[in-house]
1. Using only the Cα atoms of the range 192-283, construct the convex hull and provide its projected area averaged over every direction, in square nanometres to one decimal.
2. Roughly what would the spin-label model give for Arg163 and Arg76, points 7 Å off Cα along C-beta, in nm?
3. So what's the angle, to the nearest 10 degrees on a 0 to 90 scale, between helix 312-329 and the longest Cα principal axis of the chain?
4. Rounded to whole Hz and in sequence order, give me ³J(HN,Hα) for the range 80-86 from the Karplus expression 6.51 cos²θ - 1.76 cosθ + 1.60, θ = phi - 60°, writing x for Gly and Pro.
5. Apply the Karplus curve 6.51 cos²θ - 1.76 cosθ + 1.60, θ = phi - 60°, to the phi angles in the range 238-244 and return the couplings in whole Hz, x for Gly and Pro.
6. Between 0 and 90 degrees, rounded to the nearest ten: what's the tilt of helix 9-19 against the longest Cα principal axis of the chain?
7. How much length is gained on full extension from Thr189 to Thr338, taking 0.36 nm per residue of separation minus their Cα-Cα distance?
8. Enumerate the residues in the range 387-406 having an amide nitrogen under 18 Å from the point lying 7 Å beyond the Cα of Ala353 toward its Cβ.
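Rule-based calculations on the coordinates, nothing more; no lab input. Quick caveat: nothing in here was measured; it's all calculated off a predicted structure. Glycine gets a Cβ as well: all are built from the backbone with ideal geometry, and neighbour counts include every protein chain shown.
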Amino acid sequence: MIIDDLTLTPKALADAERWTAHNYHPLPVVIAEAEGAWVTDVDGRRYLDCLAGYSALNFGHRHPALIAAAHAQLDRLTLTSRAFVHDQFAAFCKGLAELCGQDLVLPMNTGAEAVETAIKVSRAWGYRVKGVGTGRAHIIVADGNFHGRTTTIVSFSTDADARNDFGPYTPGFTVVPYGDLAAMAAAITEDTVAVLIEPIQGEAGVLVPPPGYLRGVRALCTERNVLFVADEIQSGLGRTGATFACDHEDVRPDLVLLGKALGGGIVPVSAVAGRRDVLGVLRPGEHGSTFGGNPLACAVATEVVHLLATGEFQRRSATLGARLHAGLTGLIGKGVITVRGRGLWAGVDIDPALMTGRRACELLLEQGVLVKDTHGSTIRIAPPLTVTEDDIDFALGRLAAVLSSP
């Protein structure tokens with residue numbers, strides 16, 4: 001039942017403010033239940049979730065097949081540590097490797113762990129295979145990147161909020177402009193072991209690189225004997241209308257980094273998938289994680305792989321994404337300056353003379369739509385791939401109303 005007067009939200013917000021550190025700046029909503037693309041707050045108000053946990057909820061909240069897989073595994077086995085092999089492990093690794101078109105999989109927990117794993121693997125490959133001198137391995141990244149928040153990762157961030165006051169910074173990285181192949185080529189040296197990029201930059205505002213950029217990165221890395229590492233943690237697993245964003249240019253990286261949606265919105269799961277001659281450089285004891293590849297995570301993630309194998313969610317993202325982008329493009333000049341993205345993923349630049357991105361999110365919250373801002377005037381829209389045409393039209397209508405009467 002919907003309650004007209006908020007009764008529980010203010011106290012819940014105050015308690016959160018009292019007891020938690022300020023690592024996020026959440027919108028003033030306290031969610032208690034969810035189903036599919038919709039969530040309900042503690043006072044019974046419903047909202048269309050157009051953020052989907054930054055793509056962690058690609059399959060919606062509480063997808064029946066994923067919930068069933070989790071329930072079944074909870075009754076059997078949840079954790080063994082990697083000191084032993086459990087009966088869900090091989091099936092998950094095999095299924096994900098085949099989905100990625102790769103040879104091996106290394107499971108972890110969070111996206112940042114996957115990125116850190118790729119950095120270590122790339123450096124080890126550089127020393128043990130390419131022959132780079134000890135301590136000289138060098139990795140190229142793009143400006144505007146967001147790969148996580150560990151001390152090493154923020155060392156090559158260009159976002160002041162992520163980087164400032166967390167030094168001293170880890171050396172061994174060069175930042176080049178995103179989408180600029182010439183700058184990347186100029187930055188490669190004999191000590192370069194990898195290029196690490198997002199095929200679409202999410203936190204930067206859903207920035208899509210120029211056509212042919214990913215193919216160019218692949219060709220450059222092959223020519224110069226450098227690993228191409230694609231961070232598909234947000235862009236992968238159906239979000240862009242293909243299984244991976246790199247698929248839009250028929251590109252296969254040497255290492256693919258996955259997370260977020262791989263856990264089905266139920267458990268944290270991440271992984272690095274790659275060629276045997278690359279991931280195979282790791283030796284026992286050199287890298288690990290207590291919970292990485294645990295039975296519960298593998299059971300849920302295996303079902304995620306099964307869902308993607310049908311192609312249904314990729315097709316939904318492409319078809320409904322076209323509807324979303326058509327509607328957003330129609331708002332250009334009516335409070336929207338620019339729209340970017342692919343599939344069910346969009347970055348929308350609000351006219352700063354009209355309102356900030358944060359204010360747009362607050363007004364959409366009042367209208368029953370949840371989105372999130374980034375970099376001042378940009379809002380990100382990324383609903384679950386389970387949304388309907390009516391859901392898309394609802395969100396577009398509410399955005400148009402907010403922009404017309406701020």
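1. 6.8 nm²
2. 4.7 nm
3. 60 degrees
4. Taking θ as phi minus 60°, the curve returns 10, 6, 7, 5, 10, 9, 10 Hz for the range 80-86.
5. x, 4, 9, x, 9, 4, 10
6. That works out to roughly 40 degrees.
7. Taking Thr189 through Thr338 to full extension adds about 50.0 nm, to one decimal.
8. Taking a point 7 Å out along Cα→Cβ of Ala353, the residues of the range 387-406 whose backbone N falls under 18 Å are 403-406.
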